[in-house]
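Before any comments, here is the structure.
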Amino acid sequence: RAKAEHKSAQRFHDSEMDARLLERDMIERELRAAVANGDIQPFYQPLIDLRTQRVAGFEALARWIHPTLGDVAPERFIPVAENCGLIEDLSYHLLRQATRAATSWPDDVVLAFNISLLQLSDKTLGLRILHILGESGLPTQRLEVELTESALVRDPEAAQITLGALRDAGVRIALDDFGTGYSSIYHLRNFKIDKIKIDRSFLRRVGEDSDASTFLGALLGLGHGLGLTVTAEGVEDAAQAAALAEQGCEQAQGFLYSDPMPVDATLAFIARQSGAEKARKASKL
Ligand code: C2E
Ligand code: MG
Ligand code: MG
Ligand code: MG
């Protein structure tokens with residue numbers, strides 16, 4: 001009986017694997033077409049300056065709305081793109097769109113763009129990013145590259161060269177999802193980083209539970225002790241924002257302020273937030 005159960009569990013396991021492989025296959029096929037047609041577009045989520053409530057920047061987040069599959073999450077297609085050699089074309093397409101959008105924003109609003117650590121092994125990455133910036137006319141100082149952990153850094157030396165070239169040109173480097181992934185602190189020591197983005201898992205219970213706030217304070221202390229700017233991700237309510245501001249966190253990002261939005265909505269959002277700042281100042285007079 002145990003044997004039979006084991007067998008059926010095994011069969012279930014196999015069919016689940018098959019389904020996963022099939023899905024991956026299908027996504028790969030659809031992704032090839034989507035990348036070729038430019039069907040994947042960036043949406044933009046604001047980064048808010050916690051002192052002024054103004055928009056400090058927007059993070060570009062890839063959005064793929066497929067006619068039959070619906071909304072496909074980046075967590076499903078980015079890893080596939082990395083594995084089948086589509087990530088370069090996809091990234092450059094997204095960066096071209098996003099830099100074009102960013103040139104319509106005020107000069108103090110930066111563009112944050114995600115690059116996976118895997119992509120850093122490509123020695124031409126730095127030059128290609130700078131080339132796309134040059135074409136768009138967006139100053140290098142207005143780009144912030146967010147490093148996301150996808151897999152091990154295949155070629156740490158190439159990664160250092162790429163990041164060095166970007167930084168020398170004035171691009172800022174942020175470490176994404178800080179605190180998760182086994183090598184966050186390691187990357188902090190080995191790469192020259194300007195900013196950390198505290199992962200949203202550390203925001204849970206902040207503002208309600210003192211242990212959560214203590215832990216957050218320690219992460220902020222680490223960042224500030226190293227002279228870095230700190231952004232908190234996944235800010236969903238006002239109590240979290242208040243706790244962050246009180247602890248000296250520079251920037252916040254999350255559903256409290258806005259979901260990622262299409263490019264057409266970005267200018268109105270910037271205006272709305274500077275209105276919020278004016279109202280705040282007026283109420284203090
Ligand atoms: P990320 O860079 O850490 O981006 C933040 C993610 O958190 C986004 O998910 C965003 O929609 C979500 N988020 C924002 N505010 C909140 C909140 O208040 N609560 C919660 N629960 N979630 C929030 P999204 O857009 O699904 O992207 C997931 C990940 O996919 C990104 O994480 C990034 O690692 C990757 N990604 C997205 N676009 C690109 C891209 O163009 N290139 C690369 N390499 N990776 C990308
Ligand atoms: Mg990011
Ligand atoms: Mg993140
Ligand atoms: Mg993430």
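The values are calculated or read from the model by the stated rules, or taken from the named source; none is laboratory data. A quick note: this is a predicted structure, and the numbers were derived from the prediction, not measured. When we count neighbours, we look across all protein chains shown, and the Cβ atoms used for this are built from the backbone with ideal geometry, even at glycine. Ligands, DNA and RNA are stripped out before the accessible areas are found, and what is left, the full protein with its side chains, is counted by its heavy atoms. Shrake-Rupley method; radii C 1.70, N 1.55, O 1.52, S 1.80 Å.
Residues that are surrounded by 15 or more Cβ atoms within 10 Å (Cβ to Cβ) and in contact with a Leu (Cβ under 7 Å, 6 or more places away or on another chain) occur in region 259-282; there is at least one. Could we say that E75 is within 13 Å of ligand 2 (Cβ to nearest atom), surrounded by fewer than 14 Cβ atoms within 10 Å (Cβ to Cβ) and part of a helix (DSSP H, G or I) here? Yes, satisfied.
Restricting Q53, Q97, Q45 to those that are part of a strand (DSSP E or B), out of contact with any His (no Cβ under 8 Å at 6 or more places or on another chain) and under 30 Å from G275 (Cβ atoms) reduces the list to Q45.
Scan region 190-213 for residues that are away from ligand 4 (no atom under 16 Å from the Cβ), in a loop (DSSP other than H, G, I, E, B), over 18 Å from V171 (Cβ atoms) and not small (G, A, S) and the total you get is 4. Exactly one condition in (1) closer than 30 Å to L267 by Cβ; (2) open to solvent by less than 10 Å² (accessible area, probe 1.4 Å) is not met by D107; state its number. Every condition holds for D107 apart from (2).
Does any residue in region 83-108 that is in contact (Cβ under 8 Å) with a residue 60 or more places away in the chain come within less than 6 Å, Cβ to Cβ, of a residue that is open to solvent by 30 Å² or more (accessible area, probe 1.4 Å) and more than 16 Å from ligand 4 (Cβ to nearest atom) six or more places away or on a different chain, and which pairs are these? Matching pairs, first to second residue: A101/V263. Any residue that is in contact with a Gly (Cβ under 7 Å, 6 or more places away or on another chain), part of a loop (DSSP other than H, G, I, E, B) and open to solvent by 30 Å² or more (accessible area, probe 1.4 Å) - is there at least one of those in region 116-139? No, every residue in region 116-139 fails to be in contact with a Gly (Cβ under 7 Å, 6 or more places away or on another chain), part of a loop (DSSP other than H, G, I, E, B) and open to solvent by 30 Å² or more (accessible area, probe 1.4 Å).
Any residue that is under 28 Å from A159 (Cα atoms), among the β-branched types (V, I, T) and more than 13 Å from ligand 1 (Cβ to nearest atom) - is there at least one of those in region 217-233? Scanning region 217-233, I find at least one residue that is under 28 Å from A159 (Cα atoms), among the β-branched types (V, I, T) and more than 13 Å from ligand 1 (Cβ to nearest atom), so the answer is yes.
In region 155-176, the qualifying residues are those that are touching a residue at least 40 places away in the same chain (Cβ under 8 Å) and either among the polar types (S, T, N, Q) or within 16 Å of ligand 4 (Cβ to nearest atom) (or both), and the one that is farthest from T124 (Cα to Cα) is D176. Report, by residue number, each residue of region 227-247 that is of a type in the set (S, T, N, Q), open to solvent by less than 30 Å² (accessible area, probe 1.4 Å) and over 19 Å from the mean Cα position of the chain (by Cα). Answer for region 227-247, where residues must be of a type in the set (S, T, N, Q), open to solvent by less than 30 Å² (accessible area, probe 1.4 Å) and over 19 Å from the mean Cα position of the chain (by Cα): just Q240. Only residues that are open to solvent by 10 Å² or more (accessible area, probe 1.4 Å), within 16 Å of ligand 1 (Cβ to nearest atom) and among the β-branched types (V, I, T) were counted in region 162-214, giving 2. Beta carbons closer than 8 Å, at least 6 apart along the sequence or on distinct chains, pair a first residue in region 222-234 that is within 16 Å of ligand 2 (Cβ to nearest atom) with a second that is of a type in the set (G, A, S) and open to solvent by 10 Å² or more (accessible area, probe 1.4 Å) for G234/S201. Applying the selection to region 43-70, what residues are of a type in the set (A, V, I, L, M) and modelled with pLDDT of 95 or more? L47, I48, L50, V55, A56, A60, L61, A62, listed by residue number.
For region 247-285, a residue qualifies if it is modelled with pLDDT of 95 or more and in a helix (DSSP H, G or I), and the qualifying residues are V263, D264, A265, T266, L267, A268, F269, I270, A271, R272, Q273. In region 177-189, the residues that are over 15 Å from P156 (Cα atoms) reach residues that are modelled with pLDDT of 85 or more and surrounded by fewer than 17 Cβ atoms within 10 Å (Cβ to Cβ) with C-beta atoms within less than 8 angstrom, at least six apart or across chains, in these pairs: G179/S201; T180/S201. The sole residue among F43, F77 that is within 18 Å of T266 (Cβ to Cβ) and either touching a Phe, Trp or Tyr at 6+ places or on another chain (Cβ under 8 Å) or not small (G, A, S) (or both) is F43.
Reported count of residues in region 122-149, each being of a type in the set (S, T, Y) and in contact (Cβ under 8 Å) with a residue 40 or more places away in the chain, is 1.
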